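Just below is one structure, and these are the notes that go with it.
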Amino acid sequence: MIMDSAPENPSSLPSDDVSAIEQLRDAYERLREELHKVIVGQDAVIEQLMLCLLARGHGLLMGVPGLAKTLLISSLSETLHLEFNRIQFTPDLMPADITGTDILQETDQPGRRLFEFVKGPIFANIVLADEINRAPAKTQSALLEAMQEHKVTALGKTFHLEPPFFVLATQNPVEQEGTYPLPEAQLDRFMFLIQVDYPSEAEELEIAKATTGSRQAPLQTVLDAEGVMRFQSLVRRMPVPEHLYQQAVTLVRRTRPGENGAPDWLKRVVTWGAGPRAVQYLILGAKARAALHGSYLVREEDLEAVAAPVLNHRILTNFAAQSEGLSTRAIVERLYEEVSESANR
């Protein structure tokens, strides 16, 4: 079995980082308690949202209507004391409706008017792109520069977005009439594809009781923007064993049917595999999860936990997979199991 090369105890880490990891773990517990005042269950979704935020990534939430996706995101921004804007994507939404535009304004001098740039809803810490596949590609592309470069170019001027900046988009997987599928380049900008599933029977009973009675208690602030950025820097400093770097690279390369190391069963059902950005997000996601759970180094269980949300939307299956009912989630799970067994021999 391969041994970890990174430190296994807090004595090997700077004391400030040890203290920060403990603070992050405690803050996460308080944040979950606050969110559960308005959200029943969805612990996995809450964790993946926090991992995206701590890794400075973006998330795409996939789920049918009525699963409290919008409520969860707005509640998260409230507990983190971050500026929140919601954009409802529609077929007539224009890029300027997102980025902003110049407005002709009166000046102090009589008869003299000047153009003044009015910022759009993209200028916030957390931006919810609701039903992102409802708008055409021209409008969706207005998000690309902001998501990747954290800046906006409008009417020849460049505006930088204040950190932390976090885009969360929702998409309905069932209703596809009148929608525009996201291009692969835009899908690749999202760190995680977060599956929001139906609640259990017990959770649904609790939802019925909690949401049809008196008003819930107000949410309390757990973190602010400065605290979020401090923990984002902490995540970047988390130690990773060398063999987990190699395992992440091997996993991503084996998703590509053209690679020599790809298994024969995958070549039959996959058309395109994940790119290098997937390796970056696997490592960053594993670092964020380790810190969030109070670990002093990244463990294999952290890498395993983020493999599916990172890779699910980066693997393009073909008709053979669809005819067999083989999902990308099943492909990732089988592939990770094979890579893990090979690495631990």
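Assorted remarks:
- Checked against (1) surrounded by 15 or more Cβ atoms within 10 Å (Cβ to Cβ); (2) of a type in the set (A, V, I, L, M, F, W, C); (3) more than 22 Å from P309 (Cα to Cα), A208 meets all criteria but (1).
- Per the conditions (1) without any contact (Cβ under 8 Å) to a residue 12 or more places away in the chain; (2) surrounded by 13 or more Cβ atoms within 10 Å (Cβ to Cβ), the sole criterion not satisfied by A68 is (1).
- The residues of region 1-47 that are modelled with pLDDT of 85 or more and touching a Pro at 6+ places or on another chain (Cβ under 6 Å) amount to a single one, V18.
- Scanning region 81-93 finds one or more residues that are touching a residue at least 12 places away in the same chain (Cβ under 8 Å), acidic (D, E), under 27 Å from D224 (Cα atoms) and surrounded by fewer than 16 Cβ atoms within 10 Å (Cβ to Cβ).
- Which numbered condition F190 misses (of (1) out of contact with any His (no Cβ under 8 Å at 6 or more places or on another chain); (2) surrounded by 13 or more Cβ atoms within 10 Å (Cβ to Cβ)): (1)
- Residue match in region 186-196 (condition: assigned to a loop (DSSP other than H, G, I, E, B) and acidic (D, E)): yes
- In region 239-286, of all residues being part of a helix (DSSP H, G or I) and of a type in the set (V, I, T), the one that is surrounded by the most Cβ atoms within 10 Å (Cβ to Cβ) corresponds to V252.
- Of all the numbered requirements in (1) closer than 30 Å to V38 by Cβ; (2) surrounded by 13 or more Cβ atoms within 10 Å (Cβ to Cβ); (3) within 21 Å of the chain's Cα centre (by Cα); (4) not β-branched (V, I, T), E226 misses one, and that requirement is (2).
- Residue within region 158-175 that is assigned to a strand (DSSP E or B) and over 26 Å from A288 (Cβ atoms) present: yes
- Residue check, A225 touching a residue at least 12 places away in the same chain (Cβ under 8 Å) and in contact with a Pro (Cβ under 7 Å, 6 or more places away or on another chain): yes
- Each residue in region 295-333 was checked for being part of a helix (DSSP H, G or I), in contact (Cβ under 8 Å) with a residue 12 or more places away in the chain and over 20 Å from the mean Cα position of the chain (by Cα), and 4 pass.
- Every pair of residues 6+ apart whose Cβ atoms lie under 9 Å, when the first sits in region 126-149 and is closer than 12 Å to L93 by Cβ and crowded, with 21+ Cβ neighbours inside 10 Å while the second is at pLDDT 85 or above and among the basic types (K, R): A129/R86; L143/R189
- Among the residues making up region 287-333, those that are buried (at least 22 other Cβ atoms within 10 Å of the Cβ) and among the charged types (D, E, K, R) are K287, R289, D302, R314.
The values are calculated or read from the model by the stated rules, or taken from the named source; none is laboratory data. None of these values were measured; they are calculated from a predicted model. As a convention, Cβ positions derive from the backbone with ideal geometry for all residues, glycine included, and neighbour counts pool all protein chains shown.
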